[in-house]
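Input: a single structure, listed below in structure tokens.
The values are calculated or read from the model by the stated rules, or taken from the named source; none is laboratory data. Fair warning: this is a prediction, and the values are worked out from it, not measured in the lab. A quick note on method: Cβ atoms are made from the backbone with ideal geometry, for glycine too, and the neighbour counts reach across all protein chains shown. In case anyone asks, the SASA skips ligands and DNA or RNA and just uses the protein heavy atoms, side chains included. Shrake-Rupley method; radii C 1.70, N 1.55, O 1.52, S 1.80 Å.
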Amino acid sequence: MKKNLYEHKIHSCLKFVVLSALVTLLSVVTSFAQTTRVIKGTVTDAATNESIPGATVKVKGSTTAVGTDPAGNFSISATTPTILVVSFLGYDPKEVVITNQETVAVKLTESTQQLKDVVVTALGVTKERRSVGYSETTVKGATLTEARTNSFVNGLEGKIAGVNVSGVATGPNSSTNVIIRGITSLTGSSQPLYVVDNIPLVNNNYQTTGLDGYGGRDGGDGMSSINPDDIETISVLKGAAATALYGYRGENGVILITTKKGKSGQGLGVEINSNYVLEKVINETNFQHEYGQGGGGTAPIDQNSALGSMESSWGAKLNGAEVIQFDGVKRPYSYESDGNFQRFYTTGGNANNTVAFTKGFDDGSTTRFSFGDLSDKSYIPNAGFKRMTFTQTTNLKLGKNLTLDLSSAYVTEYTKNNPSVADAAGGINWQAMFLPPNVNITSLKGPNGNGTGADGNELNASGDSYTTNPYYSAYVLQEALHRNRFTGSANARYTFDSGYFIGLQVADDYMDDRFTNIEPPTAAYVIDEGIGGDMTDQNTKQTELNIDLTTGKKFEFGKDFSVDLLLGANYRKSVQEYLTAGGNYFALPNLYVVQNLEFPSNSYALNNEEYQSLYGSADFAYKNYLYLTVTGRNDWYSTLAPGKLNYLYPSISGSFVFSELLHIPQMDLGKLRFSYADVGGAYDAPYQTLQTYGLQGTITIGGQSYPIGTAGNGTVPNSGLVPSSRKEFEVGTEMDFFHNRLTFDLAAYRKTVTNDIVPVSIDYTSGYTNALLNVGNIRYNGIEVALGGTPVKSENFSWQINGNFAYAKGKVLSLGGQPNITLSSEASDWSANAYMQQVVGKEVNQIFAAAPAEDANGKVIIDPTTGAPDPTQTIIKNYGSAENPWSGGLENNFKYKHFRLEFMIDGKFGGHVFSETNLVAVTSGLALSTEAGRDKGYGTDNVYASTYYGNWALANQGQFVYSDSFIKFRQIIFGYDFPAKMFNNKIQGLNLSFVARNVFTIMKKIPNVDPESSYSSEIQTQGFEAPSVPYSRTFGLNLKVTL
Amino acid sequence: MKILNIYSIAVALLLITFASCKKDLLKANTNPTASTAANYDPNLLLTEVELNYCGSQAGENWGTEWCGLAGFIQHIAGLDGYYNGDKYINSVGNFGGYFAQQYPSTVQPVVELYHLTANNPKYANLHQMSRIMKALVFERITDLYGDVPYFQAGLGYYERIYQPAFDPQKDIYTDLLKEVSQAVDSLNSSADLPKGDLMYYTNGDQIGAWKKFGNSLLLRMAMRYTKVDPATAQKYVAQVQGQTFESNADNAIVGHTPASTETFNRDAQTILGNDSGGIKINKTLVSDLYANKDPRLHVIAYLFRNDNQSDTISADQHGLPGGLVEGGLNPLYNIVFQDADYWKANGLTGYSTINSNLLNISAPTLVLTYAQTELLLADAAARWGSLADANTHYQNGVAAAITQLSAYGDGATLSDNDASTYLRYHTLSSNAITALSQINYEYWVCCFMDEYEAWCNWRRTDNKTTLNATTGARGYPSLVPVNYPGNATGGTIPRRLNYPTDQKISDGAAYKVAVARQGPDNLKTRMWWDVDN
């Protein structure tokens, strides 16, 4: 060891001597023969020989620089001999020594390190990767644009270790649940903060499906407003240290989006991306097709019994006889339901077009404008999503000291008929899911084709008015969400000659949503309720203002030591304003506007939140291998206890680049990192610290009006609320080998959440059902591994493989003395008896369900009369956590000449889900398992198979808790990059690819539904499944043109 | 130097900005669409308390009152699984309902009203009314369940008591009497006239009316001491003598309207919204009213004839015997055998049900009436005073009980003449025991629709001496219990209601203390004032 060190020293000394000699020699040479002349040249890609336009050619040691033209040519004046530095984003820069040659051909090699060497960290600060003391993952926007999703967030699924992305199966613009390193709140949202070019973007979910198994409609979230074509990179800050500078807002992790910019010195550039995909429903059901509609082994005998048995497939063996159906029409009693999903759900089409113009100016200023148009005709009939995005980003250099960055985006969105899901009245998929095998879904269309009968009322195909005809749900029930969103920011930064800078940024995210929901008086359940139709028209205005003032300077002490200081202050104000008009009884038929309501009701609500913060960081660097960052942020909250001021969140992180000291063969980078941070979390609703008093209508007795008061809202306000705290310790390593052909990143962390603000159930004799208390205490342990490799890399063929794997297991440590908190229960009309709880000592999100009663020996008690357990005598058992502790993804990219083949596989493992679909499949006689033993009687009472199977299903609901594990072949891209030469360099790039997403499921454990069929993005229902919109597969073409 | 200056200015600006913003944060967290304690008019809460005392929107009127008590006390009966209080089958969820719903819906706002008005001269009378209302609310809760959270109840916000202790009923009653006495004494006719008062705001003498209301309530509470502590009862009877209600015009009545769910009559809302077909008037009540030629029969009962026309003719009314079901293996408890001919001819619709006079969304709730008060005074006089006084109060009470029905509208109005005719045939006996029986029979009739009170008074008057050894009947009125197979009391009329089962978990320790002190949490355990002597 000692010897090595000694050798190393000698080695270094030698290097220094040789280098010094060379420099001296060079200066001697230059002093001898100096001439000024024009040098011409071309810059091409070393691998493809394609020209590189826009590359910068600079004379080393001077300010002289030019860019290459569209054909990759340049000409530059220089005094020879000299060195030209040629650089272009994404390529390793190259130095070319010019002595007396007049032309030069420079070949640049694509950098594999480009994204990794510099990383974007909190507040958008770029840092050298080697200096960062915590885990950070960056994804290129390009990977999200080919096989795209309406919300770019869904495209992140499986790509980043520790980032759990789950979409909600609720229609064309459904929301997405993103959890980074496990939940940080037992009952509230654990979704990360999204920041686009330093502007925090609001990701509110104004309408979520219900938590009780009845579902409802999902209103989408805020991230659907982003056009993936505008994204340059996405950086995910996972740990507390990474996000500490965001204070309370970084508690759940931060997703930083950097948008595309113009490139300095480059002329006008045009980029066009067109994407067209088709979308088709995936039918996961595998039901019996031996027995048809009916009960007790017989087919319906009249229209009434047909109506009553629309969700009962306990009829006779299918025999082709003419049997009456719900509409009184006789049809063959034979297997007809195959393909019902495909008959009802149409082929969707999704067209995306983006055109972007960029211009770079010689002074370094750049600008980019883009227009994107998305038109999604959903595979759900009569539903869709449209979006237009206009964005502009301008980076101005005003003199040598001042920069001004201006960006703005205008987005207009229209979501049509995001349907009701699960067991909600008006639900689209319930009846489609459970139609008896002999019923063809198209018979439900009715004479008008929209699920209405001759009288214009809903053609209710079942005895239950709350089971809505799917055609009626699609074509007559109406929902619309119109959104207009404007985001703008201005960021000025003045750098003094001394190195100090002052920056001021003002950003605002303004959103105007209009949500309309109409339940016409013709709906069967509306008729039943006797409310004459109803509608809601809600206008939500939302604005978030952020003002940031920053200042700082980098101090260098000698050659080896530097400190980069940053100080900042943030003011944030968030306002949501809701104005709702609605009511029931439409006075005039077919006129669905609020002034046509006989019993109108209006409401207004305003949510105000205000936060003030001071923050600072100091980055210490010693030589190029030892780094330490210390940050602190003090937050003042409007939503928490008034008067308590000091909430200081510290973080410390360090990095040691050991490869700089130890020369390990073939290792390019070896780094150890550690970090510790404490960040706080605010409560996500205002006005919880004070008791409020209001009104709930007026009663008029004998001509005298008395307004009726109300105090509080059932939850004890807490004027002593303090922020929750996430303390996290993280260690990790990054290692690159073989010229970056093999990369390895490992992170291990322990995260402890304390003081989580939880609405704890209290005894109602206190007058309240909940008290908002700082009692939640969760701990997560996790490991994340990312492995990248380029097993083959030659001129014509390369193979790159990236894999990631993560483990995160959370446990509830305590709940302020309570043993558990109930999150939700799946209590629909279908006798589901399951609920979710947070239980002290167990993993988060536990699923409980009914199990049959047992005798003293643990044997299931069978009711002798039916031969099955008695569903009224059940016990509640625990069936494990809904959270998947294991997750991973694997990407493979092959390149052969101009062909590209990319595919991705991802999976999640270890979680559980309670499936109401499978429960109802059994009780309604559709499940394959109910096929056997239909013709015999059970128990001493000789009961029908329907009673026997039904009792088994209702008494033992635990059997419908399945493993939620799956592996999916998520996407495939097969593309061809046309060489620019083919177009005489008129077109710089043309790329055509075939894309497919949700290609197929490699492994799953839950029958009849997709394992990702969640109906709500709320944490409370993550362990529940009920018939939501079936999953779809998309496939189509992507065309990208760069002019 | 220059740079340093700019720096100092920037930093100073930052600090100034922050120092000046703390108050704004507090303001930002004040809901602009709601009021704070400082600017709220607590009158609105009196309106809420008066309404919610008549039942919350959560349906305890149905579960506890109509599925339970009204059957215990043989006002109604049913054959299905809902209205089975007539069979003393323990419906744990339903019977715990009153407890579970009234604390959050009524105790909470009355405690708020109490605190918001305390020590505020602007609300001097409103505060005293809050004390009376609070006593009214807790009186019923403890009368149904015995030991209940009282002193610590409803203080989740004010004192952060999340798991209130259960208090002995005796201590609760002592405090109730003290509170109402003090409140009545403190009402001041020259102070505020609370405009949130549904019961008496339009009364010409609002404060005077509240004094009478408070004293009438005191009388009712004191009379609960009849068996356990007659001396205290007598003391308070003497205290309120001559200061209670003087006519039906003084009745405490809360009106209801069809405007919104907040303003509905809860009995009607819950019965019509759940199952109005299965609720039938008990044969005991119909037979007694018919035998007594009571003019109230056709006002409170009606039935549907075979042609589906409603029929209010007294002679046609047919009560449903308690303790029966339709079908089942044992003919003794099967309506098909027990009322074979009538059942065969008319079916379930042929049995009298509650007349829509009384059961509709706009029907008022009679909270406390002159008739009840007079009958209690008659009871007190018959027990501890003179039968002459008892007779006066009896006459007043019975007449008022008949004429008070006019509160339900023209269809329910009976004349003074109807009352005097009835009284002519129902004079008070000169035998004190018989007189007590008569007085409390009348109380039982006039409490129809206030099932809580009907049941309480029966328990108050029932002791060993009221047992009829031949029929097994007890109390005033003399009710013969049923013994339906599998009932929860062994064939005796329930003495209390069980606590809701969630109390075992949500307030477990306090619950255990209460059960250890009071006795098993079932329908048979007697509460403090209901001694068997």
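Projected onto the charge dipole of region B:359-485 (+1 at Lys/Arg Cβ, -1 at Asp/Glu Cβ, origin at the Cα centre), which of B:GLN404, B:VAL482, B:LEU414 gives the Cα projection farthest towards the positive end?
So the residue furthest toward the plus end is B:VAL482.
Of the heavy-atom accessible surface of region A:647-783 (probe 1.4 angstrom), what whole percent is carbon and sulfur? The partial results should precede the final answer.
Working: 2940 of 4830 Å².
Answer for region A:647-783 is 61 percent, counting heavy atoms of protein chains only.
Rolling a 1.4 Å sphere over the protein heavy atoms, what is the accessible area per residue of region A:951-994, to the nearest Å²?
Numbers: 1760 Å² over 44 residues.
I get 40 Å² per residue for this part.
Whats the longest run of chain A with zero trypsin sites (Lys or Arg not before Pro) that are DSSP loop and have at most 14 other Cβ atoms within 10 Å? Working shown, then result.
Values: sites that count: A:LYS60, A:LYS400, A:LYS559, A:LYS623, A:LYS644, A:LYS859, A:LYS897, A:LYS936, A:LYS986, A:LYS1005.
It works out to A:61-399.
Compute the signed sum of charges (Lys and Arg +1, Asp and Glu -1) over the other residues within less than 12 Å, Cβ to Cβ, of A:GLY267.
0
I need the shape label for region A:93-159. Rule: rounded when a/c is under 1.5, else prolate if a/b > b/c, else oblate, with a, b, c from the alpha carbon gyration tensor. Working shown, then result.
Numbers: a/c = 3.92, a/b = 1.77, b/c = 2.21.
Since a/c reaches 1.5 but b/c is at least a/b, the shape of region A:93-159 is classed as oblate.
Which entries of B:LYS178/B:LYS227; A:LYS554/A:LYS727; A:LYS751/A:LYS842 show an alpha-carbon separation above 24 angstrom in the structure shown?
On the way: B:LYS178/B:LYS227 20 Å; A:LYS554/A:LYS727 29 Å; A:LYS751/A:LYS842 16 Å.
Flagged as over cut-off: A:LYS554/A:LYS727.
With the contact rule set at Cα under 8 Å and sequence spacing of 6 or more, what percent relative contact order holds for region B:399-533?
On the way: 131 pairs, mean separation 21.4, N = 135.
After rounding, I find 16 percent.
Would you mind getting me the FRET efficiency between A:GLU854 and B:THR471? Use the beta-carbon distance for r and R0 = 45 Å, nearest 0.05.
Values: r = 46 Å, r/R0 = 1.02.
My answer for the efficiency is 0.45.
Quickly estimate the mean residue ellipticity at 222 nm for chain A, helices only: each DSSP H run with n ≥ 4 gives -39500 (n - 2.57), and the total goes over all residues, rounded to 500. The partial results should precede the final answer.
Values: 11 runs with 90 residues, N = 1043.
Helix contribution divided over all residues of chain A: -2500 deg cm²/dmol.
Can you list the GluC sites (Glu not before Pro) in region A:757-837 that are in a DSSP coil and have 16 or fewer other beta carbons within 10 angstrom?
A:GLU795
Fully extended, how many nm does the chain gain between B:LYS512 and B:THR349 (0.36 nm per residue separation, minus their Cα-Cα distance)?
On the way: separation 163, 0.36 × 163 = 58.68 nm, distance 4.51 nm.
Between B:LYS512 and B:THR349, full extension yields an extra 54.2 nm.
Among B:444-457, A:688-701, how do they line up by average Cβ neighbours within 10 Å per residue, starting with the highest? Walk me through the numbers before you get to the answer.
Details: B:444-457: 24.0, A:688-701: 18.4.
Top to bottom by mean Cβ count within 10 Å: B:444-457, A:688-701.
From Cα pairs below 8 angstrom and at least 6 apart in sequence, can you work out the relative contact order of chain B, rounded to a whole percent? Please report the intermediate quantities before stating the final value.
Values: 900 pairs, mean separation 99.9, N = 533.
In percent, rounded to a whole number, it is 19.
With a ≥ b ≥ c taken as the square roots of the eigenvalues of the C-alpha gyration tensor of region A:890-1038, please select rounded if a/c is under 1.5 and otherwise prolate if a/b is larger than b/c or oblate if it is not?
Working: a/c = 4.03, a/b = 3.22, b/c = 1.25.
Prolate is the answer for region A:890-1038, as a/c is 1.5 or above and a/b outweighs b/c.
Using only the alpha-carbon atoms, how far is helix A:945-955 inclined from the longest principal axis of chain A? Give it as 0 to 90 degrees, nearest 10.
Here the helix axis deviates by roughly 50 degrees.
Of the accessible area of region A:45-188, with the probe set at 1.4 angstrom, what percent is carbon plus sulfur? Could you put the intermediate results ahead of the total?
Details: 2600 of 5060 Å².
Ligands and nucleic acids excluded, carbon and sulfur give 51 percent.
Probe radius 1.4 Å, ligands and nucleic acids ignored: give me the carbon and sulfur share of the accessible area of region A:925-1043 as a rounded percent. Walk me through the numbers before you get to the answer.
Values: 2690 of 4600 Å².
Carbon and sulfur together cover 58 percent of it.
If you average the C-alpha positions of region A:214-287 and of region A:665-704 separately, how far apart do those two centres end up, in angstrom?
What the calculation gives is 23 Å, centre to centre.
Can you pull the one-decimal nm distance between simple spin-label points at A:THR543 and A:ALA641, each 7 Å off the Cα toward Cβ?
Between A:THR543 and A:ALA641, the label points sit 3.3 nm apart.
Roughly how many nanometres apart are two label points built 7 Å out from the Cα toward the Cβ at B:ALA315 and A:PHE371?
9.0 nm
Roughly what percent of Cα-Cα pairs across region A:846-978 reach past 20 Å? Present the calculation step by step, with values, prior to reporting the outcome.
Details: 5404 of 8778 pairs.
Result: 62 percent of Cα pairs exceed 20 Å.
Taking beta carbons within 10 Å but only from partner chains, what does the mean come to for residues B:42-54? Walk me through the intermediate numbers first.
Working: counts 3, 3, 11, 5, 3, 8, 9, 1, 3, 5, 2, 0, 0.
Rounded to a whole number, the mean comes out at 4.
Could you tell me which of B:ALA268, B:ILE253, B:TYR370 has its Cα farthest along the dipole of region B:224-383 towards the positive end, charges placed at Cβ (Lys, Arg +1; Asp, Glu -1), taken about the Cα centre?
In region B:224-383, that residue is B:TYR370.
Quick one: length gained pulling A:GLU102 to A:THR442 fully straight, 0.36 nm per residue minus the C-alpha distance? It would help to have the intermediate numbers written out before the result.
Working: separation 340, 0.36 × 340 = 122.40 nm, distance 7.66 nm.
Difference between extended and current length: 114.7 nm.
If a helix is a whole DSSP H run, which ones in chain B reach 30 Å or further along their own axis (Cα) and hold a mean Kyte-Doolittle hydropathy of at least 0.0? Write down the numbers at each step before the final one.
Working: long enough: B:124-145 (32 Å, 0.09).
Passing helices, by number: B:124-145.
If one takes the longest principal axis of the Cα atoms in chain A, at what angle in degrees, from 0 to 90 and to the nearest 10, does the Cα axis of helix A:2-32 lie?
60 degrees
Averaged per residue, what accessible surface does region A:469-623 expose to a 1.4 Å probe, in Å²?
On the way: 6690 Å² over 155 residues.
The answer is 43 Å² per residue.
Estimate for me the total accessible surface buried between chains A and B (protein heavy atoms, probe 1.4 Å, no ligands or nucleic acids), in Å² to the nearest 100. If you can, show how the numbers build up before the last one.
Working: alone 43520 and 22140 Å², together 60700 Å².
The buried area between A and B, both sides summed, comes to about 5000 Å².
Assuming R0 = 41 Å, what is the FRET efficiency of A:ILE801 and A:LYS397, from their Cβ-Cβ distance, to the nearest 0.05? Let's see the in-between values first.
On the way: r = 41 Å, r/R0 = 1.00.
The formula returns an efficiency of 0.50 here.
Kirkwood Rh over Cα pairs of region A:344-392 into Stokes-Einstein at 4 °C, 1.567 mPa s: D in µm²/s? Can you show the working numbers first?
Details: Rh = 12.9 Å.
Rounded to a whole number, D works out at 101 µm²/s.
In whole percent, what relative contact order does chain A give with Cα contacts below 8 Å and a gap of six or more residues? Don't skip to the answer; put the middle values down first.
Working: 3053 pairs, mean separation 117.4, N = 1043.
With pairs under 8 Å counted, the relative contact order is 11 percent.
Just the Cα atoms of region A:964-1043: what Rg and Dmax do they give in Å?
Every Cα atom of region A:964-1043 included, Rg and Dmax give 19.3, 58 Å.
Suppose R0 equals 51 Å. What FRET efficiency, 1/(1 + (r/R0)^6) with r the Cβ-Cβ distance, do A:ASN892 and B:ALA259 give to the nearest 0.05? The partial results should precede the final answer.
Working: r = 67 Å, r/R0 = 1.31.
That pair, A:ASN892 with B:ALA259, gives E of 0.15.
Using a 1.4 angstrom probe on protein heavy atoms only, which residues from region A:763-808 are buried by at least 20 Å² of accessible area when all chains are present rather than their own chain alone?
Going by heavy-atom accessible area, the residues of region A:763-808 that drop by at least 20 Å² are A:ASP763, A:TYR764, A:THR765, A:SER766, A:GLY767, A:TYR768, A:LEU773.
Based solely on its DSSP helices, what 222 nm [θ] is calculated for chain B when runs of n ≥ 4 H residues each add -39,500 (n - 2.57) and the sum is averaged over all residues, nearest 500 deg cm²/dmol? Before the final figure, lay out each step's value.
Working: 22 runs with 241 residues, N = 533.
Computed ellipticity for chain B at 222 nm equals -13500 deg cm²/dmol.
Would you list which lysines come within 25 Å of B:LYS293, measuring only between C-alpha atoms, while excluding same-chain residues fewer than 8 positions from it?
Correct list for B:LYS293: B:LYS280, B:LYS283.
Whole angstrom only: what separates the Cα centroid of region B:100-140 from the Cα centroid of region A:713-765?
Here the two parts' Cα centres lie 44 Å apart.
In region B:89-118, what residues drop by 30 Å² or more of accessible area when the other protein chains are put back, versus the chain on its own? Use 1.4 Å, and skip ligands and nucleic acids.
For region B:89-118, once contacts with the other chains are taken into account, B:TYR103, B:PRO104, B:GLN108, B:GLU112 lose 30 Å² or more.
Considering only A:GLY222, A:THR550, A:ASN448, whose Cα is most displaced toward the positive end of the charge dipole of chain A, charges sitting on Cβ of Lys, Arg (+1) and Asp, Glu (-1)?
A:THR550
What shape does region B:355-513 take by its C-alpha gyration tensor, where a ≥ b ≥ c are the square roots of the eigenvalues and a/c under 1.5 counts as rounded, a/b above b/c as prolate, and the rest as oblate? Display every interim value, and only then the final one.
On the way: a/c = 2.01, a/b = 1.35, b/c = 1.48.
Since a/c reaches 1.5 but b/c is at least a/b, the shape of region B:355-513 is classed as oblate.
Over region A:391-459, average the accessible area per residue using a 1.4 Å probe and give it in Å², no decimals. Walk me through the numbers on the way to the answer.
On the way: 2240 Å² over 69 residues.
Per-residue value: 33 Å².
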